[in-house]
Amino acid sequence: MKLQDEEIYHRDALARTYVDLLQTSYASSGVFLAAPRRTGKTTFIKEDLNPLLATEGALVIYVDLWEDKAVDPAKVVIEGIRKAILGLEGMVLKGAKASGLTRFKVVGFEMDLAAIGTPDGMTISAALQVLSKMARKPIFLVIDEAQHAQTTEAGRAMLFALKAARDALMLDRSLFGFRLLATGSNSDKLTALINSKDQAFYKAPLEQLEPLGDDYLAWLRKTRGRQPMPAKGVLKQGFERMGHRPEPLKGVLKDLLKRSPGAAQADIDAQFLSLVEASLEADRDLFLRSIEGRDPLDAAVLFRMAKVDKFAPFDEASMESYRRARTARSPDDDTPISKSSVQSALERLRKDGLVWNHGRGAWVIEDSQHAAWLRSS
């Protein structure tokens, strides 16, 4: 049995643009790259950018901090470095892997792979310097959903360790250089990593990833063959309405195929736009129903967070907002709302992936689309 893989749209020209950019002095402090969720960012990074970087002679370390949110972000990055070291197939490393050893000598250093980044082991900076000497290539560390590093003390410390590594690999001419590309699904969260002097990558540049556009839609039309398709302008209108997200668009086109065999073009166009609106409305309703089904204080906190510019969870205005919202939903519930109960609500929302806290008391809604739905309700 052979399963068919879904066709992937490649953005070769865009990958070339970023590979060239990452080699310039503009990128020496690190580059932060933002794109909304589900708009193809990770696919572009993994399928186009990383392979081109490797082809150009870089050693690419890719880690996704959202792959398992239960694992501390610092451990995810350290594991990526550890795998890169083991991936260099020198005789010493082959023997180490074969015997299950983690401690060995290489390029003049004794390393314990299991202890990298711990008080008793080699620092992240030192490990990357050793890796540079082993690989004899520039190291490109690509961290997807980098804002998640701010959710733990170890993650925040890891960012400063990467800054130290960046400085060391740039200043030591015997090494081969280092670049950090940090990506995220929310530009506000990435901005929080670079807009304060107490951040490791203060003043590093922030780029917005170009959204999928006309070239992607032309490719999509080609892959659909003779299937009913809306006119070019109508397809573009629907795609923009869906926030340039490929998967929801494909879902609508699948429904369109079932509903419009043999239909006139005008009817196909009208049916397509109707399906787009129905899909968006269904997603919105499903989300809002899930919030209404939560603890009333959870919902009150989330709505307050969405509707004010600067959310202060414990100020008097917020506390009064929670009381009014809870009374509206549960008139007989007169349990006092305290700061500790609000904190518990925030922690429940964070645990369920609805809100994010970067460790300095600032809370934001995880998904910008969710925030927009809450504001409009």
Subject >> Within the stretch 1-78, helices (runs of 4 or more DSSP H) holding 3 or more residues that are free of Cβ contacts under 8 Å to residues at least 40 places away in the same chain, assigned by TED's automatic domain parsing to the domain that holds Met134 and surrounded by fewer than 19 Cβ atoms within 10 Å (Cβ to Cβ) >> reply: 12-22, 50-55
**OP:** Considering every residue within the stretch 166-180, establish whether at least one is surrounded by fewer than 15 Cβ atoms within 10 Å (Cβ to Cβ) and closer than 22 Å to Asn50 by Cβ.
**Re:** yes
Original post:
Condition test on Ser340, is it touching a helix residue (DSSP H, G or I) at 6+ places or on another chain (Cβ under 7 Å) and either assigned to a helix (DSSP H, G or I) or surrounded by fewer than 18 Cβ atoms within 10 Å (Cβ to Cβ) (or both)?
Top reply: no
Original post:
Using beta carbons and a limit of 9 Å, which pairs, at least six apart or on different chains, have the first residue in the stretch 166-182 and at positive phi and the second one of a type in the set (Ser, Thr, Tyr) and part of a helix (DSSP H, G or I)?
Top reply: Gly177/Ser132
**OP:** Would you be able to say whether some residue in the stretch 195-211 is farther than 30 Å from Ala165 by Cα and surrounded by fewer than 17 Cβ atoms within 10 Å (Cβ to Cβ)?
**Re:** yes
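What number of residues within the stretch 23-50 are over 19 Å from the mean Cα position of the chain (by Cα) and of a type outside the set (Phe, Trp, Tyr)?
The initial filter retains those residues of the stretch 23-50 that are over 19 Å from the mean Cα position of the chain (by Cα), namely 23-29.
From what is left, the residues that are of a type outside the set (Phe, Trp, Tyr) are 23-25, 27-29.
Of the residues in that region, 6 qualify.
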**OP:** Determine whether Ser330 is within 27 Å of the chain's Cα centre (by Cα) and either surrounded by fewer than 17 Cβ atoms within 10 Å (Cβ to Cβ) or of a type in the set (Gly, Ala, Ser) (or both).
**Re:** no
**OP:** Kindly indicate whether Gly238 is out of contact with any Gly (no Cβ under 7 Å at 6 or more places or on another chain), closer than 27 Å to Ser279 by Cβ and assigned to a loop (DSSP other than H, G, I, E, B).
**Re:** no
Subject >> Subset of the stretch 222-235 (residues that are part of a loop (DSSP other than H, G, I, E, B), aliphatic (A, V, I, L, M) and buried (at least 17 other Cβ atoms within 10 Å of the Cβ)) >> reply: Met229
**OP:** Only residues that are assigned to a loop (DSSP other than H, G, I, E, B), surrounded by 15 or more Cβ atoms within 10 Å (Cβ to Cβ) and not small (Gly, Ala, Ser): list them for the stretch 241-294, please.
**Re:** Met242, His244, Arg245, Arg294
**OP:** State whether one or more residues within the stretch 90-107 are modelled with pLDDT of 95 or more, surrounded by fewer than 20 Cβ atoms within 10 Å (Cβ to Cβ), in a helix (DSSP H, G or I) and assigned by TED's automatic domain parsing to the domain that holds Thr123.
**Re:** no
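Report yes if some residue within the stretch 202-210 is within 26 Å of Glu7 (Cα to Cα), out of contact with any Phe, Trp or Tyr (no Cβ under 9 Å at 6 or more places or on another chain) and touching a residue at least 24 places away in the same chain (Cβ under 8 Å); otherwise report no. Walk me through it before giving the result.
Restricting attention to the stretch 202-210, the residues satisfying the condition of being within 26 Å of Glu7 (Cα to Cα) are 208-210.
Keeping just the survivors that are out of contact with any Phe, Trp or Tyr (no Cβ under 9 Å at 6 or more places or on another chain) gives 208, 210.
In the following step, the residues that additionally are touching a residue at least 24 places away in the same chain (Cβ under 8 Å) were identified as 208, 210.
Checked against the condition, which is being within 26 Å of Glu7 (Cα to Cα), out of contact with any Phe, Trp or Tyr (no Cβ under 9 Å at 6 or more places or on another chain) and touching a residue at least 24 places away in the same chain (Cβ under 8 Å), the stretch 202-210 yields at least one hit.
The values are calculated or read from the model by the stated rules, or taken from the named source; none is laboratory data. Worth saying up front: this structure is predicted, and the values here are computed from it rather than measured. Please note: Cβ atoms are built from the backbone with ideal geometry, for glycine as well, and neighbour counts cover all protein chains shown.
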